[in-house]
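The values are calculated or read from the model by the stated rules, or taken from the named source; none is laboratory data. Computed from a predicted structure; not experimentally measured. Cβ coordinates were reconstructed from backbone atoms using ideal geometry, including for glycine residues, and neighbour counts include every protein chain displayed. Accessible surface is based on the protein model in full, side chains and every heavy atom, while ligands, DNA and RNA are left aside. Shrake-Rupley method; radii C 1.70, N 1.55, O 1.52, S 1.80 Å.
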Amino acid sequence: MKQGAFTLIFTIILVLVGVILLLVIGFLWLRKWIQKPDPEYVLNFIAKNPNRSSLTIVKNGKLHINYQGQQLRPLASTVKIILAIEFAQQAATKDIDPSELIDVKDLNRFYIPGTDGGAHQEWLHSLDLLTEGKVPLSEVANGMIAFSSNANTEYLMWRLGLERINSNLEKLQLSMHEEIFPIVSYLLIPYEVAKAHHLDIFDRNQAKKVLSLVKEMSKEAYKNEANRIHAILSQDSDGKYKEQANLAAWHNLGFDQIASRKLVRATTSEYVSIVQKINNTSFFSQEVIDQLQAIMEWPMKNSSNQDRFLHLGGKGGSTAEIVTFALFAEDKQGNKTEIAVFFEDVHGYETVKLSTSLSDFQLAILTNYTEWHEKIASALKGNN
């Protein structure tokens, strides 16, 4: 090989190695940036994306920020606050016994592996002791809120009753909040649609037709179908129905995106009003408040939060396209704050960055309110 040709090949190899090295460094830097919490990113995102963001803040009973606060947005798991309220009410009136032991097998009727980000298994692993495979009903509620187990949530929908759960929307004066429906059962709607139209979910073109039919379903039809499947799952003690549904066959074909847009919706204004009722302890009876605080104030298990707050509780939710959270707090000086922030139609790194930064954003507001209220008011000025 001539010296010139060898030099050219060697130069090309060096360039390729350099490009690959730069790509690797860029990827590592981007991953580190995405995973690093940044409250400023959250604020800038809200300011730049009014069509995708809502923020409502109340401080000591006064509304300070209400940015897109009347815009309906999908709630994801933040909707579980309503179930926690119904649980507390039924516990207070003795309609349920929080100490009742529940067989984990009963919860598994509503468990679909690989669809909850590992939340249900994480909750199970957190339990110090299972009494013959059973847990107290109160622990099922804790798993719903602190770990966001969807299986626990749908089990509680079955035990508490969806009609009674939804009756809280009127009691809480939530005129815009959409009716709550099962959050596990809707995952099986494509299977039922495929079965009804004699379509093969394993054929890619037919699977796409199934998803198209699901997308075209009205909100009412979608909700009714989820309720019907919920009734089936409640009796599916051996898991055969879920096995037949073969969720893995179509889970990655785009249903998640369709489902995100059909989730129950409400507003940040409404969710601030909900957590405000919990925080002010005058709307509910003391018996209900005691139950609610036991469920909702899971962040108070953190010693640093105990140093700063008398009360701190809340619930968030997320999908690949949604990030939401509603919280309440009372600091050691007696200042009470309620915050709700919702994002929708977020994608890729946006979802991850918002999810990793949201807690720091809220904590900044709670611990340095004067500075952050000014920052938020300035950033959102003229955009409301």
- Of (1) open to solvent by 20 Å² or more (accessible area, probe 1.4 Å); (2) over 23 Å from Gln70 (Cβ atoms); (3) in contact with a strand residue (DSSP E or B) (Cβ under 6 Å, 6 or more places away or on another chain), Met296 satisfies all except one. Which? (1)
- Message: For region 249-267, check the following and say yes or no: at least one residue is crowded, with 18+ Cβ neighbours inside 10 Å and more than 18 Å from the chain's Cα centre (by Cα).
- Response: yes
- Met176 surrounded by 13 or more Cβ atoms within 10 Å (Cβ to Cβ), modelled with pLDDT of 95 or more and farther than 26 Å from Ala91 by Cα: yes
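Considering region 79-136 alone, what residues qualify as being within 16 Å of the chain's Cα centre (by Cα) and open to solvent by 20 Å² or more (accessible area, probe 1.4 Å)? Please lay out each step first, then the result.
Here is the first cut: in region 79-136, the ones within 16 Å of the chain's Cα centre (by Cα) are 79-84, 114-120, 122-123.
If the condition is that a residue be within 16 Å of the chain's Cα centre (by Cα) and open to solvent by 20 Å² or more (accessible area, probe 1.4 Å), then Gly114, Thr115, Asp116, Gly117, Gly118, Glu122 are the ones that fit.
Anything in region 169-200 that is among the hydrophobic types (A, V, I, L, M, F, W, C) and either assigned to a helix (DSSP H, G or I) or more than 28 Å from the chain's Cα centre (by Cα) (or both)? List them, or say none.
Just the residues of region 169-200 that are among the hydrophobic types (A, V, I, L, M, F, W, C), to begin with: 169, 172, 174, 176, 180-181, 183-184, 187-189, 193-194, 196, 199.
Correct list: Leu169, Leu187, Leu188, Ile189, Val193, Ala194, Ala196, Leu199.
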- Would you call Ile229 in a helix (DSSP H, G or I), β-branched (Val, Ile, Thr) and within 17 Å of the chain's Cα centre (by Cα)? no
- Query: Using beta carbons and a limit of 6 Å, which pairs, at least six apart or on different chains, have the first residue in region 324-337 and small (Gly, Ala, Ser) and the second one modelled with pLDDT of 95 or more and in a strand (DSSP E or B)?
  - Reply: Ala326/Gly314; Ala326/Ala340; Ala329/Phe309; Ala329/Leu312; Ala329/Thr337
- Message: Please verify whether Ser148 is open to solvent by 50 Å² or more (accessible area, probe 1.4 Å) and hydroxyl-bearing (Ser, Thr, Tyr), treating the condition exactly as stated.
- Response: no
- Out of Thr93, Thr115, report the one residue that is among the hydroxyl-bearing types (Ser, Thr, Tyr) and closer than 20 Å to Phe181 by Cα. Thr115
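Would you confirm, using the coordinates I've provided, whether Ser304 is open to solvent by 70 Å² or more (accessible area, probe 1.4 Å), at pLDDT below 95 and either part of a strand (DSSP E or B) or not aliphatic (A, V, I, L, M) (or both)?
Numbers: open to solvent by 70 Å² or more (accessible area, probe 1.4 Å): no; at pLDDT below 95: yes; either part of a strand (DSSP E or B) or not aliphatic (A, V, I, L, M) (or both): yes.
No; evaluated as a whole, the condition is false for this residue.
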- Note on the structure: Note on region 278-316: residues more than 21 Å from the chain's Cα centre (by Cα) and charged (D, E, K, R) are Glu287, Asp290, Asp307, Arg308
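For region 330-360, give me each residue that is in a strand (DSSP E or B) and acidic (Asp, Glu).
As a first pass, look at region 330-360 and keep what is in a strand (DSSP E or B): 330-331, 336-344.
Within region 330-360, Glu330, Asp331, Glu338, Glu344 meet the criteria.
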- Query: In region 320-379, what count of residues is obtained for those that are among the hydroxyl-bearing types (Ser, Thr, Tyr), under 24 Å from Thr115 (Cα atoms), in contact with a helix residue (DSSP H, G or I) (Cβ under 8 Å, 6 or more places away or on another chain) and open to solvent by 60 Å² or more (accessible area, probe 1.4 Å)?
  - Reply: 1
- Could you please tell me which pairs satisfy a Cβ distance under 6 Å, a separation of 6+ or placement on different chains, a first residue in region 195-224 that is at pLDDT below 90, and a second residue that is of a type in the set (Asp, Glu)? Gln206/Asp200
